[in-house]
Every structure is written in structure tokens, then in C-alpha cells.
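Colleague: Quick one: the structure is below, questions incoming.
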Amino acid sequence: MQPKTQPEAPVRVARRAWVPPSQGDDLAGRCAALLDTSAQHTVIASLTAGRLRGLWLPDSVDERIHVATATPQRAGRLMTRSQRPELIAHRFQLRPTDYEFLRASSRRHNAKRAYAALELLDERSRSRPESHLRVAISGPGMPRFEVNVAIYRSEGGWLAEPDLSLKEARLALEYQGADHAALKRMRKDITRFTDMRRDEWLTIPYGPAEVFGQPYLIKPEIRHLIGIRAPQLLVACR
């Protein structure tokens, strides 16, 4: 007779919150179990909400789940919040949607900036510097660049996947961080840029000094190049 196999123990998320072993590494499952055992009007918030949405976020050694109390029509300072040490607790006064929240904010100048920032978010972004570069070329009078989208040769076949690309102008922008300084990576970049140039794509590389030190110079330069390569795009943005 075969000995009975002992069932695997459930995984503890927080006090009173457990998940099956198969969901121990599943963030969505852990959050669902947590909400089932939390007070009414509790929501997943902050960095954890961003991870669930698949947004790019900086690496963090703190794996605790962010939650917030969001009691309708009640000031944040009057709400209770979880004391479970496995969580990072906040108190948010939420509205039905984030957009309504921004429009109703009493800090009008901050709300305006936050609303503008929402329009610039892109879930395909892979790094913070890349996002900074995208913001530098965004705004009124500028066409929208594609983010990490494959481009193809004129005769067919995959060519590259630039950080930012504007197909109609055959213009690509690349952020070149420290990882691009390695010899093997540098040679690959040169080959890729050459292949793109031979297919009439212009690739503009930017580094930290430009993206973080002088971002205000990037948009005029790119706008000038678009005016040369695809002026109709600028006419459409007026």
C-alpha cells in the first residue's frame, strides 16, 4: 500500500488571509485573498496596483502588498486602516474613477499636472529613462510615437524594435544607458542602426546627459527632423 501523500500547506498572505500553494507566487490571487478578509471599502493601492496593471515600476525589495481604506464620502484622516504588519496601509478618499478624482481635487494645479501625466502613460514602456524620453517629445503640436513596437523592412521582414518610433517619418529614438556601453551590446547596436539606416530609418540615440540634463532641447530637435522627413504630421497636429 502506497503511503498517503500529505497535502501541501496553504501559504499565508497576512493574518487571516491564506492561499493554496499553487497561488503562493500569484500576486492577483494573494490580493484577492487579502481583500476577502479585509474591512469593507478596502482596495489594492499604490505600487501593488501598478504591478497588477502590468505597469513598469522600479525594482523593490519590499514585497508587502499596498492596501488603502477608501470609505466613500469620508475624509481620509477619519478612516481606520489595517494594522497587519504584512501590509503597507494607506487611506484614500476615492471617487468612482481616477479621472473624476482628479477633476474634483481641491489642489487644482496638482490635479492638472496629474491629469496630463495620465495621458502620457504607456503600458509598453520598459524603463524609467525611456519614459522620460517619451515625455520630452510629447505635448501639443507633436505626433505620438509608438513605444517598443516592431518595425519592418520595406521589402518585408522584421527590422528592429526601437524604444520610440514614428513610422511615417521613419524616425526612431533610442535611450542608450550604461548597459549599451558593453562591447558586445555596442556592436549589436551599431549593426542594428546600420540596418535601419539602409532601410531609410533615421535613429537618434540619447543618453542620460540629454534625457535628464537637457530634456527641453530634445523636442525642438525632433520636431525639426519631423518637419524635414514628414511635415504633414506637424500640420495634422495644429
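Colleague: For the range 189-222, how many residues meet the condition of being closer than 30 Å to Glu155 by Cβ and not in a helix (DSSP H, G or I)?
Modeller: The total comes to 8.
Colleague: Also: Which of the residues that make up the range 229-238 are part of a helix (DSSP H, G or I), aliphatic (A, V, I, L, M) and surrounded by 11 or more Cβ atoms within 10 Å (Cβ to Cβ)?
Modeller: Leu233, Leu234
Colleague: Hey, any hits in the range 165-175 for a residue that's among the aromatic types (Phe, Trp, Tyr) and either at positive phi or loosely packed, with under 15 Cβ neighbours inside 10 Å (or both)?
Modeller: No, every residue in the range 165-175 fails to be among the aromatic types (Phe, Trp, Tyr) and either at positive phi or loosely packed, with under 15 Cβ neighbours inside 10 Å (or both).
Colleague: Which residue is surrounded by the fewest Cβ atoms within 10 Å (Cβ to Cβ), if the candidates are limited to the range 149-164 and must be among the charged types (D, E, K, R) and under 25 Å from the mean Cα position of the chain (by Cα)?
Modeller: Only one residue fits best here, namely Glu161.
Colleague: A further question on this structure: So in the range 141-175, with the set limited to residues that are part of a loop (DSSP other than H, G, I, E, B), closer than 14 Å to Ile222 by Cβ and not charged (D, E, K, R), which one is modelled with the lowest pLDDT?
Modeller: Gly141
The values are calculated or read from the model by the stated rules, or taken from the named source; none is laboratory data. For clarity, every value in this text was computed on a predicted model and none was experimentally measured. FYI the Cβ positions are ideal-geometry reconstructions off the backbone, even for glycines, and counts take in every protein chain you see.
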